[in-house]
Amino acid sequence: MSNHAAGHTHHWEFSWAPMVLTIGIVLVVPLTFVSWFVYKNPTLAAGFAGVGVPLLLVGISKWVAEGLSHKPLIEGVSPSALPIFIISEVFIFLGLFVSYWTMRLSAGGAWPPAGTPEHMNLALPVVMTIILVTSSVTYHVAEEKLDHGDLGGFRGWLFLSIILGLSFLGCTIYEYSHLLHEGFGPSTNAYSTAFFSITGFHASHVLVGLGVFLAVLIPALAGKTNKYFTFCAGMYWHFVDVVWFFVATQVYYW
């Protein structure tokens with residue numbers, strides 16, 4: 001074999017991380033939530049979560065470790081591939097919004113339907129918007145620090161972004177618990193179904209984004225970073241941030 005041919009020989013790489021990660025996601029997201037909210041079975045939900053969360057964490061940690069230690073066959077492909085994934089996510093959110101718009105416009109003046117609290121907390125989504133926008137800014141600063149070789153600054157600003165993301169989820173949990181206490185749940189009426197579906201779907205993306213941030217932070221604590229992984233994590237987070245503007249304006253104020 002010539003040297004030219006040898007230089008272009010492809011090799012196979014095997015990893016069990018994507019399969020384990022996928023199983024973990026299926027167990028945690030749809031099965032756990034369906035068991036809890038649809039079948040009202042806390043034991044079954046805890047079982048799915050108890051198996052799914054460890055698999056999710058193991059899959060993420062293994063995949064990240066491989067990404068940081070293995071040289072990719074095609075350098076820099078992820079920044080081009082991630083937007084394709086984001087487009088698919090846009091269509092999922094668009095489907096939810098179209099369903100909500102159709103239902104809202106069909107209702108006319110009879111909106112919100114009976115069973116909706118008279119006074120929804122409209123100040124909380126403003127606070128949540130400020131938190132989420134700030135988290136995008138702090139992550140941008142973290143990326144700037146990394147570009148200038150300041151690994152310590154990168155870790156600090158990334159950690160701050162994670163804290164802000166957790167604060168956003170804390171606001172979501174607070175709001176959900178308050179609404180459920182008032183008897184406004186996913187099955188109360190058409191608006192509640194749309195409200196919990198859209199905001200919950202967005203919250204799941206925030207949770208995934210925080211998992212990605214954690215996967216970036218842990219290796220960074222050991223001095224290991226990957227510019228493509230860091231860039232893609234930020235791109236995904238900014239997408240989640242932009243989508244929130246549509247969620248907040250449509251679900252809360254329209």
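Of the numbered conditions (1) surrounded by 15 or more Cβ atoms within 10 Å (Cβ to Cβ); (2) at pLDDT 95 or above, Met120 satisfies every one except a single condition; which is it?
Every condition holds for Met120 apart from (2).
Hey, any hits in the stretch 76-93 for a residue that's part of a helix (DSSP H, G or I) and more than 30 Å from Phe229 (Cβ to Cβ)?
Checking the stretch 76-93: not a single residue is part of a helix (DSSP H, G or I) and more than 30 Å from Phe229 (Cβ to Cβ).
Scanning for something modelled with pLDDT of 90 or more and exposed (fewer than 10 other Cβ atoms within 10 Å of the Cβ), does the stretch 46-65 turn up at least one residue?
no
With in contact with a helix residue (DSSP H, G or I) (Cβ under 8 Å, 6 or more places away or on another chain) and in a helix (DSSP H, G or I) as the only criterion, which of Pro186, Pro219 stands out?
Every option except Pro219 fails the conditions.
One residue is enough: does the stretch 152-162 have a residue meeting the conditions in the same structural domain as Phe97 (by TED's automatic domain parsing), farther than 17 Å from Ile218 by Cα and either among the small types (Gly, Ala, Ser) or in contact with a helix residue (DSSP H, G or I) (Cβ under 6 Å, 6 or more places away or on another chain) (or both)?
no
Can you tell me which condition Leu94 does not meet? The list is (1) among the hydrophobic types (A, V, I, L, M, F, W, C); (2) within 24 Å of Val242 (Cβ to Cβ); (3) in contact (Cβ under 8 Å) with a residue 60 or more places away in the chain, and all the others hold.
(3)
Anything in the stretch 103-136 that is part of a helix (DSSP H, G or I) and farther than 18 Å from Tyr253 by Cβ? List them, or say none.
Selection gives Ser106, Thr134, Ser135, Ser136.
Please find, within the stretch 201-247, the residue that is farthest from Trp157 (Cα to Cα) out of those that are over 14 Å from the mean Cα position of the chain (by Cα), of a type in the set (A, V, I, L, M) and surrounded by fewer than 20 Cβ atoms within 10 Å (Cβ to Cβ).
Ala222
Determine whether the stretch 30-41 contains at least one residue that is in contact with a Ser or Thr (Cβ under 6 Å, 6 or more places away or on another chain), assigned to a helix (DSSP H, G or I) and outside the structural domain of His205 (by TED's automatic domain parsing).
No, the stretch 30-41 has no match at all.
Conditions tested, residue by residue: (1) at pLDDT below 90; (2) of a type in the set (Ser, Thr, Tyr).
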site: Leu164; (1), (2): no, no
site: Phe168; (1), (2): no, no
site: Glu182; (1), (2): no, no
site: Asn189; (1), (2): no, no
site: Ser192; (1), (2): no, yes
site: Val206; (1), (2): no, no
site: Phe213; (1), (2): no, no
site: Ile218; (1), (2): yes, no
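Within the stretch 102-117, which residues are closer than 25 Å to Phe168 by Cα and surrounded by fewer than 15 Cβ atoms within 10 Å (Cβ to Cβ)?
Pro117
The values are calculated or read from the model by the stated rules, or taken from the named source; none is laboratory data. Everything numeric here is computed off the predicted structure, so don't read it as measured data. When we count neighbours, we look across all protein chains shown, and the Cβ atoms used for this are built from the backbone with ideal geometry, even at glycine.
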